[in-house]
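**Student:** Below is one structure. I have some questions about it.
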Amino acid sequence: WYWQKEKRAPYVKFMEANYPPGFSYEDFGPLFTAEFFDPNQWADILKASGAKYVVLTSKHHEGFTLWGSKYSWNWNAVDVGPKRDLVAELATSVRSRTDLHFGLYHSLFEWFNPLFLEDATNVFKTRKFPTSKSLPELYEIVTKYQPEIIWSDGNGNAPDTYWNSTGFLAWLYNDSPVRDTVVTNDRWGVGSICTHGGFYTCSDRYNPGHLLPHKWENCMTIDKRSWGYRRNAQLDDYLTTEDLVKQLVETVSCGGNLLMNIGPTHDGRIAVIFEERLRQMGAWLQVNGEAIYGTKPWRAQNDTVTPEVWYTFSPKESKVNAIFLNWPVSGTLELGEPQAKLGETQVKLIGYKELLKWVALGEKGMAIALPQLTPKQLPCQWGWTLQLTDIN
């Protein structure tokens with residue numbers, strides 16, 4: 001897109017300097033080799049990350065499908081490049097080695113598909129592209145791989161009536177093999193984003209910082225600048241684990257899910273930096289998972305007195321979780337939101353055995369004495385959780 005459509009100078013110059021004259025985008029197909037792709041290893045990393053679902057990009061805006069689609073002749077991973085059905089391989093590994101829900105991303109439109117361009121020229125009064133390519137592919141991946149999440153994207157500035165999104169979704173929820181388990185997002189045509197859908201995505205890297213009335217997802221990238229793999233990325237371009245824990249905690253406290261994107265390499269690897277970030281998230285969730293999984297937003301999302309404190313509520317145990325991202329130098333954490341009850345309220349640091357001492361601060365609020373721990377004794381890094389029981 002940057003090179004061939006927007007003709008951005010750095011991209012045009014890079015291609016001229018590093019590829020033979022007349023090299024086309026299609027010539028990248030055979031160079032996408034995936035020789036190191038090991039779906040079992042991917043599944044193990046995903047499991048270790050503490051994630052509950054994974055969404056694979058089955059086809060992006062350039063139309064290349066990662067399965068042998070009969071609607072994408074000679075422009076798919078079975079005919080060209082890897083000569084493998086990457087969707088099938090990952091689905092099998094995820095399902096046999098983990099309890100993650102398996103989802104698929106699918107782009108409705110394709111930047112340079114002549115049928116789409118023809119429809120666009122006709123102001124979408126004709127529907128050659130969705131009827132011969134996009135919709136048949138959607139039916140194909142649902143029937144073949146039975147994904148539990150369909151993550152639609154790329155409306156191409158066309159309305160949902162052009163895509164027949166309601167027709168497809170009616171089939172998906174009523175007659176498809178995943179009708180009882182499937183969840184969908186909100187990108188089904190112009191005007192549907194953040195308005196219609198099982199969960200809202202609203203925009204890329206969406207993190208409103210306040211409670212939304214509808215389930216939503218913060219779909220963001222560990223590489224701050226790209227959804228794909230960049231060979232020239234610097235260390236500073238990647239979010240730190242502190243950054244990621246903060247994103248997770250803010251998102252969940254406001255009623256959202258976090259979808260953390262990594263870009264794999266052309267030879268099929270999850271770069272070591274991405275693997276490290278995922279495993280560190282998993283390590284944090286092993287300790288603090290009860291403040292994240294199965295929780296609901298509390299009446300306050302973040303604290304009014306101390307910054308970087310976010311709340312979640314565990315309905316089963318009726319516990320309020322206060323996740324704090326900075327360990328106070330004083331050893332005392334002041335919370336402005338909880339209303340404690342003398343002799344009843346209990347405070348526990350997740351990962352530490354003994355109950356903590358606290359005092360009430362007026363009508364609302366409490367000061368909690370944190371245990372004096374060496375770095376080695378801390379239950380985890382990057383953020384900690386206080387569990388409060390019997391709070392008004």
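**Student:** Go through TRP42, TRP75 for me and flag whichever is of a type in the set (Phe, Trp, Tyr), out of contact with any Lys or Arg (no Cβ under 9 Å at 6 or more places or on another chain) and closer than 29 Å to LEU285 by Cα.
**Tutor:** TRP42
**Student:** So, in the stretch 118-137, exactly how many residues are over 26 Å from the mean Cα position of the chain (by Cα), among the hydrophobic types (A, V, I, L, M, F, W, C) and part of a helix (DSSP H, G or I)?
**Tutor:** 2
**Student:** To continue, here is another question. Can you confirm whether LEU31 is crowded, with 21+ Cβ neighbours inside 10 Å, out of contact with any Gly (no Cβ under 6 Å at 6 or more places or on another chain), among the aliphatic types (A, V, I, L, M) and assigned by the TED database to the domain that holds LEU244?
**Tutor:** When the stated conditions are applied, LEU31 does not pass them.
**Student:** Which of (1) open to solvent by less than 30 Å² (accessible area, probe 1.4 Å); (2) of a type outside the set (Ser, Thr, Tyr); (3) at negative phi is the odd one out, the single condition GLY268 does not satisfy?
**Tutor:** Here GLY268 clears every test but (3).
**Student:** Another question about this same structure. Determine if the stretch 300-311 includes at least one residue that is more than 17 Å from TRP382 (Cα to Cα), touching an Asp or Glu at 6+ places or on another chain (Cβ under 7 Å) and open to solvent by less than 20 Å² (accessible area, probe 1.4 Å).
**Tutor:** The answer is yes, given that some residue of the stretch 300-311 is more than 17 Å from TRP382 (Cα to Cα), touching an Asp or Glu at 6+ places or on another chain (Cβ under 7 Å) and open to solvent by less than 20 Å² (accessible area, probe 1.4 Å).
**Student:** Still on this structure, I have one more. Pairs, please: C-beta under 6 Å, at least 6 apart or cross-chain, first residue of a type in the set (Ser, Thr, Tyr) and in the stretch 185-207, second surrounded by fewer than 16 Cβ atoms within 10 Å (Cβ to Cβ)?
**Tutor:** Going by the 6 Å Cβ cut-off, the qualifying pairs are TYR200/HIS214.
**Student:** Separate question: Can you name the residue in the stretch 138-182 that is free of Cβ contacts under 8 Å to residues at least 60 places away in the same chain, among the aliphatic types (A, V, I, L, M) and not in a helix (DSSP H, G or I) and is also nearest to LYS59 (Cα to Cα) among such residues?
**Tutor:** ILE150
**Student:** Still on this structure: From the list LEU90, LEU104, LEU86, LEU100, which residue is in contact with a Ser or Thr (Cβ under 8 Å, 6 or more places away or on another chain) and buried (at least 17 other Cβ atoms within 10 Å of the Cβ)?
**Tutor:** Residue meeting the stated conditions: LEU104.
**Student:** Give the residues of the stretch 292-323 that are touching a Leu at 6+ places or on another chain (Cβ under 6 Å) and closer than 28 Å to PRO375 by Cβ, sorted by residue number.
**Tutor:** ASP303, GLU308, VAL320, ALA322
**Student:** For TYR238, work out the one condition from (1) open to solvent by 30 Å² or more (accessible area, probe 1.4 Å); (2) without any contact (Cβ under 8 Å) to a residue 60 or more places away in the chain; (3) on the phi < 0 side of the Ramachandran plot it doesn't fulfil.
**Tutor:** Checking TYR238 against (1) open to solvent by 30 Å² or more (accessible area, probe 1.4 Å); (2) without any contact (Cβ under 8 Å) to a residue 60 or more places away in the chain; (3) on the phi < 0 side of the Ramachandran plot, the one that fails is (1).
**Student:** Return the total of residues in the stretch 66-99 being farther than 30 Å from TYR25 by Cβ, part of a loop (DSSP other than H, G, I, E, B) and polar (S, T, N, Q).
**Tutor:** The qualifying residues number 1.
**Student:** Output the residue which, of all residues in the stretch 208-235 that are in contact (Cβ under 8 Å) with a residue 40 or more places away in the chain and among the aliphatic types (A, V, I, L, M), is nearest to MET281 (Cα to Cα).
**Tutor:** Top of the filtered list is ILE222.
**Student:** Working carefully through the options PRO371, PRO379, PRO338, PRO375, find the one that is of a type outside the set (Val, Ile, Thr) and under 27 Å from the mean Cα position of the chain (by Cα).
**Tutor:** Criteria check complete, one pass: PRO379.
**Student:** Shifting gears a bit: Which condition breaks for GLY63 when tested against (1) open to solvent by 10 Å² or more (accessible area, probe 1.4 Å); (2) assigned to a loop (DSSP other than H, G, I, E, B); (3) among the small types (Gly, Ala, Ser); (4) in contact (Cβ under 8 Å) with a residue 24 or more places away in the chain?
**Tutor:** Answer for GLY63: the failing condition is (1).
**Student:** Hey, does the stretch 280-288 have a residue that's without any contact (Cβ under 8 Å) to a residue 24 or more places away in the chain and either open to solvent by 60 Å² or more (accessible area, probe 1.4 Å) or acidic (Asp, Glu) (or both)?
**Tutor:** no
**Student:** Also, I was wondering about something else. Inside the stretch 137-191, can you point out the residues that are within 19 Å of ALA120 (Cβ to Cβ), of a type in the set (S, T, N, Q) and open to solvent by 10 Å² or more (accessible area, probe 1.4 Å)?
**Tutor:** ASN155, ASN157, THR161, ASN164
Okay, residues lined up against (1) open to solvent by 50 Å² or more (accessible area, probe 1.4 Å); (2) closer than 25 Å to GLU242 by Cβ; (3) among the aromatic types (Phe, Trp, Tyr); (4) touching a residue at least 40 places away in the same chain (Cβ under 8 Å):
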residue: THR332; (1), (2), (3), (4): yes, yes, no, no
residue: LEU355; (1), (2), (3), (4): yes, no, no, no
residue: LEU370; (1), (2), (3), (4): no, yes, no, yes
residue: LEU386; (1), (2), (3), (4): no, yes, no, yes
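**Student:** Would you be able to tell me the number of residues in the stretch 116-141 that are within 24 Å of CYS202 (Cα to Cα), touching a strand residue (DSSP E or B) at 6+ places or on another chain (Cβ under 9 Å) and not small (Gly, Ala, Ser)?
**Tutor:** 1
The values are calculated or read from the model by the stated rules, or taken from the named source; none is laboratory data. Quick caveat: nothing in here was measured; it's all calculated off a predicted structure. Cβ sites come from the backbone with ideal geometry, for glycine too, and all protein chains shown count toward neighbours. Surface areas here come from the heavy atoms of the whole protein model, side chains and all, with no ligands, DNA or RNA. Shrake-Rupley method; radii C 1.70, N 1.55, O 1.52, S 1.80 Å.
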